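Report on one structure; see the data block that follows.
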Amino acid sequence: MPNYIHGGNVWADGAPEQWIDFSANLNPKGIPEVMINSIKNNLDKIVYYPEVDMELPSLNIASYLGVPSEQILPTSGGIGALSLISEGLVSPKIAILQPGFVEYLRLAKNKKSEVVHIPIINEQGKVFYPEDKIINALDEKTMLFICNPSNPIGTTIPRDSMLSIIDCAQQKGATVVVDEAFIEYSQEDSVKDLVEKYPCLVIAGSLTKIFAIPGIRLGYICANANLIEELKQRQTPWSLSSFACDVTNVLGSTKEYVEDSIKENKIQRQFLTYELESLGVSVFDSKANFLLCDLRQKKIKTEELQKSLLKHKILIRNCSNYIFLDDYYTRIAVKSKEDNEYLIYYMKKYLGK
């Protein structure tokens with residue numbers, strides 16, 4: 001049976017605040033103050049049902065993304081978007097660029113779809129996007145999942161290849177689902193500008209990571225207006241909580257927060273990469289707020305490193321349940337300068353330098 005374990009399991013001992021969690025890819029800046037205030041100022045409204053048609057949240061998210069509101073459907077987190085897409089569209093065959101977010105496989109299994117795994121790490125341990133193989137997997141029965149930036153790698157598919165794949169899917173009648181859960185860290189790679197031209201294209205997005213609000217559950221679908229209407233008819237009412245609706249009301253005030261987060265992430269990602277490579281750990285290039293690491297050169301499996309770091313209340317992500325990855329792979333989130341230095345200190349103690 002497939003293993004769908006995720007990072008962020010900070011509730012094991014009932015005290016999430018005790019952990020320094022590198023297993024979940026959340027913004028270390030924490031929730032923006034403006035969002036906290038929006039929730040606090042509207043607590044008295046939780047006695048009412050939220051807006052059932054989500055018109056205002058749709059407008060708010062569309063404005064934040066810079067797209068027409070008719071191309072947006074708010075969802076309960078990114079996984080809510082993926083689930084609605086998977087359940088709402090016919091797809092006897094699902095193709096997945098692997099390693100990829102483990103929930104794609106669960107969605108495929110739930111639908112009893114044929115699954116095609118397309119590797120994007122070659123035998124030399126290098127990332128590549130086999131355009132021909134991806135295109136050959138497409139037909140009118142296929143739904144293709146592309147995580148961009150990739151989770152757990154952090155790389156992005158070249159724009160020319162993405163365009164070729166989407167264009168071919170349009171011609172063949174296939175569906176392309178692009179998961180942009182981490183797109184704030186690589187905004188130039190978004191394909192939101194293509195949804196009007198390509199009805200076959202549908203984007204699943206998440207506001208959880210950039211704003212550090214996993215408990216709020218706020219995501220969205222961005223697609224051609226006709227497809228949005230079709231999916232809207234299949235979505236359950238009140239998909240957003242009152243708190244999630246409140247958060248969307250202040251998205252327009254978060255530009256500086258997002259820009260600062262992107263800049264700091266780049267600095268800390270470079271620091272972590274340098275320090276980890278100095279310890280003999282192989283680190284994949286990443287545009288996101290996490291790093292995929294291979295411990296093979298150190299002859300240490302991730303589980304061993306996990307056990308050592310747990311003593312110091314540090315969590316990292318074991319990536320052995322990702323397709324095409326094994327016990328030597330771990331994913332490490334990019335956190336604050338202090339937390340990153342704390343991690344490196346104990347990794348040096350365990351791995352040696």
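The values are calculated or read from the model by the stated rules, or taken from the named source; none is laboratory data. Keep in mind the model is a prediction, meaning the values are calculated, not measured. So basically every Cβ, Gly included, is an ideal-geometry build from the backbone, and we count neighbours across all protein chains shown.
Figures for the structure shown
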item: One residue from S320, S336, S282 being surrounded by 14 or more Cβ atoms within 10 Å (Cβ to Cβ), of a type in the set (S, T, N, Q) and farther than 25 Å from E123 by Cα; result: S336
item: Residues of the range 69-80 that turn out to be surrounded by fewer than 21 Cβ atoms within 10 Å (Cβ to Cβ) and over 19 Å from the mean Cα position of the chain (by Cα), as a count; result: 2
item: Y4 vs. criteria at pLDDT below 95, hydroxyl-bearing (S, T, Y) and either farther than 27 Å from I332 by Cα or loosely packed, with under 13 Cβ neighbours inside 10 Å (or both); result: yes
item: From K141, K126, residue being of a type in the set (K, R), over 23 Å from I216 (Cα atoms) and touching a Pro at 6+ places or on another chain (Cβ under 6 Å); result: K141
item: Pairs, first within 14 Å of N318 (Cβ to Cβ) in the range 283-300, second in a helix (DSSP H, G or I) and hydrophobic (A, V, I, L, M, F, W, C), C-beta under 9 Å, six or more apart; result: C293/L276; L295/L305; L295/L351; I300/L351
item: Strands (runs of 3 or more DSSP E) contained in the range 155-236 and holding at least 2 residues small (G, A, S), touching an Asp or Glu at 6+ places or on another chain (Cβ under 8 Å) and in contact (Cβ under 8 Å) with a residue 24 or more places away in the chain; result: 201-206
item: Conditions (1) buried (at least 20 other Cβ atoms within 10 Å of the Cβ); (2) within 17 Å of V67 (Cα to Cα); (3) of a type in the set (D, E, K, R): number failed by R217; result: (2)
item: Which numbered condition S83 fails, given (1) closer than 30 Å to E51 by Cβ; (2) more than 19 Å from the chain's Cα centre (by Cα); result: (2)
item: Enumeration of residues in the range 320-353 that are in contact with a His (Cβ under 7 Å, 6 or more places away or on another chain) and either modelled with pLDDT under 95 or assigned to a loop (DSSP other than H, G, I, E, B) (or both); result: I323
item: Single residue of the range 323-333 satisfying the filter (buried (at least 24 other Cβ atoms within 10 Å of the Cβ) and under 13 Å from K301 (Cα atoms)) that is nearest to the chain's Cα centre (by Cα); result: R331
